[in-house]
Amino acid sequence: MKALHRLPLLLLALFPSLTMAEDGKRFELTARASEIDPRAKPHPEIDFVFESKGKPADVQHASVDTRVKAKGKLVIWLMGHSAGLFERVNRFGLHAIRVHYANGWFGKFGNQSPGADGQQNGHIRLEAATGEDFSPLVEIPKPDGMMERSFQFVKWLSKNNPEGKWEQFIAADGKGIDWSKVIISGSSHGSTTAARFAKHQAVDRVVMFCGPRDQYETWQSLPSATPANRFFGFSHVLDGGWSGDHYCRSWELLGLHAFGPIVNVDQVKPPYQNTRRLITDADVKGDDKRAHSCVVPGGASPKAADGSYLHEAVWEYLFTQPVDQTGPAVPQDADCDKNLAPAPPKPKKK
């Protein structure tokens, strides 16, 4: 009997890789921002609330797979929860959280003129992300910004999910997130805020799905705290962001043409010439809305004949490709209009 009890230890000694399959599990956790931090407040003036239609609206998500060797990096996702994306980044050895922060302003200000300095949206995005006073149009205090919401959530996770070892993402002084370990990511509106934040705050990497936009603004060309080779973008060519030159413009203003050409992932195999600008023309039935959302794992994502997603390798590349491996610099695209201007206001009816 004693020999049988020693058998598992003997197997682990002979085959250490067994621990990858047998030890740990995948953890999925949720918590309301308003319960984690009593300082958190709703901002109904920008449609940012804690409850909507009788249901909690401030639920935050986190996940980690402790069966996978951890890379010591945290994905902070700036859009609605994406279960499919979280499953994959966990598979890559990454922790992931999605926080509820004051991002409801876009419906009110997003289609306005870019302002005198060409950065109206950029200022609001930065205030929503940091909780610092960057814009006169909104008042978003620190507890309601993305940075503090992320810090409070990670602290909560370190206590409630010790198996995940979330404390590794807290800065050495204990006063915030260690941003050098963060992959900031989002889609559409969220990818644009991720890019704006990374210009201001150095992070490990930026992953931008169907974005960024703010097509009439100039903040994309500002000096960047995060080196340009750490920005990765992926979008579909039928997305309206392409027909209006929004994506090509932002990518070039960010300086991504210095790291390779635009590469169609359906025609080129990984590592996609080590570029930072990835596109797809996969079949989306000509639907521009589906094209917009198809680049993130989900119901709109193109699939192969066997039912598997076409872009599994793309998602892994975006989050794990070594940032020091880059493609050759290429000229800017002469056909990409980088001097976009908003349409003049329609005359009022008399």
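Could you count how many residues in the range 17-42 are touching a helix residue (DSSP H, G or I) at 6+ places or on another chain (Cβ under 8 Å) and modelled with pLDDT under 90?
So the count comes out to 2.
Can you tell me how many residues in the range 100-131 are of a type in the set (A, V, I, L, M, F, W, C), surrounded by 22 or more Cβ atoms within 10 Å (Cβ to Cβ) and either assigned to a loop (DSSP other than H, G, I, E, B) or without any contact (Cβ under 8 Å) to a residue 12 or more places away in the chain (or both)? Talk me through it step by step, then tell me what you get.
As a first pass, look at the range 100-131 and keep what is of a type in the set (A, V, I, L, M, F, W, C): 102, 105-106, 109, 116, 124, 126, 128-129.
The next check asks that each one be surrounded by 22 or more Cβ atoms within 10 Å (Cβ to Cβ); those that pass are 102, 105, 124, 126, 128-129.
Right, trim to either assigned to a loop (DSSP other than H, G, I, E, B) or without any contact (Cβ under 8 Å) to a residue 12 or more places away in the chain (or both) and you get 102, 105.
Final tally of qualifying residues: 2.
Which condition breaks for Phe86 when tested against (1) aromatic (Phe, Trp, Tyr); (2) surrounded by 21 or more Cβ atoms within 10 Å (Cβ to Cβ); (3) in contact with a helix residue (DSSP H, G or I) (Cβ under 9 Å, 6 or more places away or on another chain)?
The number of the failed condition is (3).
If a residue has to be in contact with a Ser or Thr (Cβ under 7 Å, 6 or more places away or on another chain) and farther than 17 Å from Gly122 by Cα to count, how many in the range 196-213 make the cut?
Counting residues in the range 196-213 that are in contact with a Ser or Thr (Cβ under 7 Å, 6 or more places away or on another chain) and farther than 17 Å from Gly122 by Cα gives 5.
Name the one entry in Leu222, Leu238 that is among the hydrophobic types (A, V, I, L, M, F, W, C), more than 16 Å from the chain's Cα centre (by Cα) and farther than 23 Å from Val265 by Cα.
Details: Leu238 fails: farther than 23 Å from Val265 by Cα.
Checking each option against the conditions leaves just Leu222.
Here is a check on your reading of the model: is Asp65 of a type outside the set (A, V, I, L, M, F, W, C), touching a Pro at 6+ places or on another chain (Cβ under 8 Å) and modelled with pLDDT of 95 or more? Step through it out loud before you land on a result.
On the way: of a type outside the set (A, V, I, L, M, F, W, C): yes; touching a Pro at 6+ places or on another chain (Cβ under 8 Å): no; modelled with pLDDT of 95 or more: yes.
Criteria not met by Asp65.
Residue by residue through the range 41-61, note down the ones that are within 19 Å of Leu29 (Cα to Cα) and not acidic (Asp, Glu).
Within the range 41-61, Phe50, Lys55, Pro56, Ala57, Val59, Gln60, His61 meet the criteria.
Within the range 230-291, which strands (runs of 3 or more DSSP E) (wholly inside it) include 3 or more residues that are under 17 Å from Gly211 (Cβ atoms) and at pLDDT 95 or above?
231-236, 277-280
Among the residues of the range 235-249, is there at least one that is under 21 Å from Val203 (Cβ atoms) and surrounded by fewer than 22 Cβ atoms within 10 Å (Cβ to Cβ)?
Checked the range 235-249: no residue is under 21 Å from Val203 (Cβ atoms) and surrounded by fewer than 22 Cβ atoms within 10 Å (Cβ to Cβ).
Please go through the range 276-300 and pick out each residue that is surrounded by 14 or more Cβ atoms within 10 Å (Cβ to Cβ) and basic (Lys, Arg).
Arg276, Arg277, Arg290
Yes or no: the range 137-154 includes at least one residue that is in contact with a Leu (Cβ under 8 Å, 6 or more places away or on another chain), crowded, with 19+ Cβ neighbours inside 10 Å and assigned to a helix (DSSP H, G or I).
We begin by selecting, within the range 137-154, every residue in contact with a Leu (Cβ under 8 Å, 6 or more places away or on another chain); these are 146, 154.
Checking which are crowded, with 19+ Cβ neighbours inside 10 Å leaves us with 146, 154.
From the residues that got through so far, the ones that are assigned to a helix (DSSP H, G or I) too are 146, 154.
The answer is yes; a qualifying residue exists.
Consider the range 55-83. How many of its residues are part of a strand (DSSP E or B) and surrounded by fewer than 22 Cβ atoms within 10 Å (Cβ to Cβ)?
Selection size over the range 55-83: 4.
Just to be sure, is Ile97 surrounded by 19 or more Cβ atoms within 10 Å (Cβ to Cβ), within 18 Å of the chain's Cα centre (by Cα) and under 19 Å from Ile76 (Cβ atoms)?
Yes: the conditions hold for Ile97.
The values are calculated or read from the model by the stated rules, or taken from the named source; none is laboratory data. From a predicted model like this one, the values you see are computed outputs, not experimental measurements. Quick reminder, even Gly has a Cβ in these numbers, built from the backbone with ideal geometry, and neighbours come from all protein chains shown.
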